[in-house]
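Peer 1: Can you read through this structure? Questions will come right after.
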Amino acid sequence: MAEHRNSTVKAATAKPSGTANPYAINLENFTKRLKTLYSHWNEHNSDIWGNSSALAIATPPVSEDLRYLKSSALNIWLVGYEFPETIMVFLKNQIHFLCSQKKASLLEVVKKSAKEAVGVEVLIHVKAKNDDGTGLMDKIFGAVNDQSKSGDHGAPVVGHISREVPEGKLLETWDKKLKSANFELSDVSNGFSDLFAVKDDTEITNIKKAAFLSSSVMKQFVVPKLEKVIDEEKKVSHSSLVDETEKVILEPAKIKVKLKAENVDICYPPIFQSGGVFDLKPSASSNDENLYYDSTSVIICAIGSRYNSYCSNVARTFLIDANAMQSKAYEVLLKAHEAAIGALKSGNKVSAVYLAAVSVVEKDIPELASKLTRTAGTGIGLEFRESGLNLNAKNDRILKSGMVFNVSLGFQNLQTDTKNPKTEKFSVLLADTVIVGEKVPDVVTAKSSKAVKDVAYSFNEDDEEEERPKIKSEDKGGESTLSKATLRSGNHEMSKEELRRQHQAELARQKNEETARRLAGGGSGAADNRGQAKTIGDLVAYKNVNDLPPPRDLMIQVDQRNEAILLPIYGTMVPFHVATVKSVSSQQDGNRSCYIRIIFNVPGTPFSPHDSNTLKFQGSIYLKEVSFRSKDSRHISEVVQQIKTLRRQVTSRESERAERATLVTQEKLQLASAKFKPIKLFDLWIRPPFGGRGRKLTGSLEAHTNGFRYSTSRPDERVDVMFGNIKHAFFQPAEREMITLLHFHLHNHIMVGNKKTKDVQFYIEVMDVVQTLGGGKRSAYDPDEIEEEQRERDRKNKINMDFQNFVNRVNDMWGQPQFKAFDLEFDQPLRELGFHGVPHKASAFIVPTSTCLVELIETPFVVITLCEIEIVNLERVGLGQKNFDMTIVFKDFKRDVLRIDSIPSTSLDGIKEWLDTTDLKYYESRLNLNWRPILKTITDDPEKFIEDGGWEFLNMEASDSESDHSLDSDQGYEPSDVQSESVSDDEDDDSESLVESEDDEEEVSEEDSEEDEGKTWEELEREAVYADREKGNESDSEEERQRRKIKALGKARAPEKRNPGGSLPKKAKIRR
């Protein structure tokens, strides 16, 4: 991390090439920062600017050394580029530039901005090629003296950067004349350090991009590289690792990081250290020794990258089969590092950061306090080490929001008892780039994990051949590669469950802090949107009386054209819009008389829709129901059928209209030109399918300029899926399934036919889903159908290959610059991590991907984005249970939880391991929880929730002896043997058809549900039966009746709200 190192670097110079000038000064940034410079200079002149009346900054020529100079930093900060061999002199009313002609032409544009911003005049002195510049320097000195005389002061005080040695003829001449002039010189390095300390939004963005690159290189290149070297037992030198890592930094596309290579550079050559030779100083470098990775060895790696000249840094320590001493040292260092980061809060003293780390070390392992590094890092930005911002115990400067630090902490030269001289002495180091926030610091290199489980390797010494270490995934919610290795510390082995518990405890702390920040910012949402009714437009059957059809006797009539029913009331035909009808039914008595009963929607009754019409006529008197008697049963049946059919059509039309009104307008598909043929995939089926009664047809999927188009031979069957609307894309080849599919989960709903959906799937059946047994004769040449099976395998492989080729070509297209903002790539389910469960009504095989948890075979589909998950609660977990349930709580507390029921207990350990490696916090409970009142309690009083420990109220387990009393004591949960209210019943299925099926069975079920809402004759009869049962059946024992009452009470009991003390619902008695 040296300040001077030989390296091939791209200097950010302002030298234009050729006739065209590739550089342009950002005048908005120049104006803003020039104001900041002058205001800071005027405000703190006596404190840190040395009472200077002029600032003279000279930038040296370009060097092949990688170095950090305040003069170069000022150039980049102010005008965006480094101007070598340029002298800048800032006066109270003038700015002087002494430079070459090419630089002068670039600086011309700042004259007007400087005048408008701070009222200063910009004077540019152009130095000829063979001129030494002394005459121009005299003019600048004259301007300095004139300013001093006008102010009636003594000798002018000129601020300069004394630590920078002049280089080149021009700067040497300037330095000699400056020191010989009648000026009082003052070092203003501290002034510039304080000026650069707090970064603006543009600088923060550059640092975040640099940090993303550093952490990505560590995670996506260094860790896999180390894994491969150790796994294959290769001999690789530190210097070769340095060269390979540096190339990856300078070419981010190699690890699929979407940053322009011309804006990227290294902060220092990457550092790899192992084999007992360690140096934790910022000036450290790598040697030419081979990487050493035998048992109890330690590997330190540090990476620093720059984006637009702004620096970032990350360092990690990797432990190989660590012993107790090494494990303890790393765990304490990790805890101290987190404490130091936690102290980076606005308003704290800088010294508080280092003291927080020291206090952890002195408390947990005091004998190593003397081995701790003397600082916890430095400020970082345009300079890798910003002077004046050292994180040591003596710095009393105040932290401000927007400051950025390289928090670097380590133990140097520790001793451990091993038989190997290369592992007796070791060091551990951790470094992260951290931005100081108002309340919580932002660790921008957190993508590279430093958790014990992610940096510790282990060998299985019991086998004849050593098991190669496996590095676990570091990406939060990203690639979840499981490792079955365990940490070994001397003779003590730490089980996977203990490692999980440690990591889960850390996740619990992080999750509670994150939830607290989100709730404090109002991020959980306010009102509950569940069960919002769909409104219907103004109900107008006839605009005036003359539009009514002529009466035909006094009989019930159905006017299909005007969507109305006409009822004879007191000798007059009275019209009612069919949308006002709630249900209609008919009944026949013993006297051959038929009755028709029509129930209307009335405001204030249960399940009645709340639309604009009920609000418009609040003072009106409503007709609740009417009944008619007739001896013409045929006519009654026809009327009932006509009313139901008309009502279903109107409801369907209004629902579809309301759904379409909520759709987000999509961009128009740009078809690929004839020159570039679209990428195609043929003979695909689509889900959800198009409506209509005709025979279903296959179609083709085409990838065009900005989206996909699926179409069949019918002109009205066409779906466009825009790239910008795709949230997740999945490719699932057929292995144990009957279909190969492409699935798109969208940001916003689209219409497929008359269905509103967020999930669109295109698939091919690799073999017949339905086969007729014994329906066909077997071939005499293939009696065992071996050839038939082979043909089916070949067909499946061909289909999978066609889909794979399509996916590869689309991925290549998505890699183009215009699509990088969408961050799209086809994801493939990790089948080995899958498990069986019931997310809706049928059992399905649920599979994780790198970013989601999906089930793409059975409908409705399940697509859960991992980064949207708050916590996961595993319910009904206990001895003797064959199944358990998984409840997923989302960060959006307005969203209902998702339950996956009946997961086999054999999958429990694998699910825990997957959740842990993807950094998802999970809890376990013996009972099912009723989550709606719990989430409502949290959103109603988030402060109390945070005060009570956040999600840690779930970190409990009901004892076996007390679980029988949970009905009486548990107000927030439901017993596992009581059927909990299904979440999916209240959710609107995104892929559900807006037009109800015309299947007879579905019609009957719909009619029954409609009649249940009103009191029909059957319902009245059932109520009488229930009343008789309540009085008690003589055949039932007292115990049986008591059990039935308790069960009914358990189903009907609503969870109690917060008690007057404000705490969450309590369990009976819980043991940890």
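Each value in this text was obtained by applying a stated rule to the coordinates, not by laboratory testing. For clarity, every value in this text was computed on a predicted model and none was experimentally measured. Cβ coordinates were reconstructed from backbone atoms using ideal geometry, including for glycine residues, and neighbour counts include every protein chain displayed.
Peer 1: I want to check the label-to-label distance for residue 451 and residue 813. Put each point 7 Å from Cα in the C-beta direction and report it in nm to one decimal.
Peer 2: Taking the two extended label points, one gets 3.8 nm.
Peer 1: Would you mind getting me the FRET efficiency between residue 664 and residue 42? Use the beta-carbon distance for r and R0 = 41 Å, nearest 0.05.
Peer 2: 0.20
Peer 1: Would you mind checking which residues have amide H under 5 Å from residue 377's amide H? H placed 1.01 Å from N; only 5 or more apart, or other chain.
Peer 2: Correct list: 391, 408.
Peer 1: Continuing with the same structure: Could you run the Debye sum over the Cα atoms of the stretch 898-957, one equal point scatterer each and no solvent, and tell me log10 of I(q)/I(0) at q = 0.12, 0.15, 0.20 Å⁻¹, two decimals?
Peer 2: Summing over Cα pairs of the stretch 898-957 leads to -0.39, -0.61, -0.98.
Peer 1: At a Förster radius of 56 Å, what calculated FRET efficiency corresponds to the Cβ-Cβ distance of residue 574 and residue 413, to the nearest 0.05?
Peer 2: 0.05
Peer 1: Give me, ordered by chain and number, the residues 5 or more places off residue 727 or on other chains with an amide H under 5 Å from its own placed amide H.
Peer 2: 745, 746, 747
Peer 1: Given the Cα-Cα distance of residue 331 and residue 247 and 0.36 nm per residue of separation, how much length would full extension add, in nm?
Peer 2: Full extension from residue 331 to residue 247 adds 27.0 nm.
Peer 1: Okay, next question. Treating the stretch 623-752 as a set of equal point scatterers at the Cα positions, no solvent, please give the Debye-formula log₁₀ I(q)/I(0) at q = 0.21 Å⁻¹.
Peer 2: -1.40
Peer 1: Another question, then. Subtract the Cα-Cα distance of residue 116 and residue 165 from 0.36 nm times their separation in residues, and report this length gain in nm to one decimal.
Peer 2: Gain on stretching residue 116 to residue 165: 14.2 nm.
Peer 1: Measure out, as a whole number of angstrom, how far apart the alpha-carbon centroids of the stretch 225-245 and the stretch 873-929 sit.
Peer 2: Each part reduced to its Cα centre gives a spacing of 40 Å.
Peer 1: Another one. Students often check this: by mean Cβ neighbours within 10 Å, which of 182-193, 789-800, 500-511 ranks highest, and how do the rest follow?
Peer 2: So the order, starting with the most tightly packed, is 182-193, 500-511, 789-800.
Peer 1: FRET efficiency for residue 395 and residue 277, Cβ-Cβ distance as r, R0 = 25 Å, nearest 0.05?
Peer 2: Plugging the Cβ-Cβ distance into 1/(1 + (r/R0)^6) gives 0.20.
Peer 1: Given labels modelled 7 Å from the Cα in the Cβ direction, how far is it in nm from residue 108 to residue 621?
Peer 2: About 8.9 nm, to one decimal.
Peer 1: Right, another one. Residue by residue through the stretch 841-857, which ³J(HN,Hα) values in whole Hz follow from phi under the Karplus form 6.51 cos²θ - 1.76 cosθ + 1.60 (θ = phi - 60°), with glycine and proline marked x?
Peer 2: 10, 10, 5, 8, 9, 9, 10, x, 10, 5, 10, 9, 10, 10, 9, 10, 9
Peer 1: Under a plain spin-label model, where a point goes 7 Å from the Cα along Cα-to-Cβ, how far apart in nm are residue 587 and residue 205?
Peer 2: Modelled inter-label distance: 7.1 nm.
Peer 1: So what's the projected area for the stretch 189-320, the Cα convex hull averaged over all directions, in nm²?
Peer 2: 8.9 nm²
Peer 1: Follow-up. For a quick check: with amide H placed at 1.01 Å from N, whose amide H comes under 5 Å from residue 557's, ignoring anything fewer than 5 positions away on the same chain?
Peer 2: Under 5 Å from the amide H of residue 557 lie the amide H atoms of 566, each far enough along the sequence or on another chain.
Peer 1: While we're here: Please turn the phi angles of the stretch 357-370 into ³J(HN,Hα) values with the Karplus equation 6.51 cos²θ - 1.76 cosθ + 1.60 (θ = phi - 60°), one per residue in order, whole Hz, x for glycine and proline.
Peer 2: Each residue of the stretch 357-370 in turn: 5, 4, 4, 5, 5, 5, 7, 8, 8, x, 5, 9, 4, 6 Hz.
Peer 1: Now a separate question. Give the value in nm², to one decimal: projected area of the alpha carbon convex hull of the stretch 57-155, averaged over all directions.
Peer 2: Value for the stretch 57-155: 7.4 nm².
Peer 1: Enumerate the whole-percent occupancy of each 5 Å bin, from 0 to the last occupied one, for all C-alpha pair distances of the stretch 281-346.
Peer 2: 3, 11, 17, 19, 21, 15, 8, 4, 1
Peer 1: For the stretch 257-307, what mean projected area does the convex hull of the alpha carbons give, in nm²?
Peer 2: 4.8 nm²
Peer 1: State which entries of 450/921; 371/511; 582/756; 328/511; 102/169; 260/345 exceed 21 angstrom in Cα-Cα distance in the structure shown.
Peer 2: With Cα atoms farther than 21 Å apart: 371/511; 582/756; 328/511; 260/345.
Peer 1: Here's something else I'd like to know. According to the Kirkwood expression over distinct Cα-Cα pairs, how big is the hydrodynamic radius of the stretch 351-419, in Å?
Peer 2: 13.3 Å
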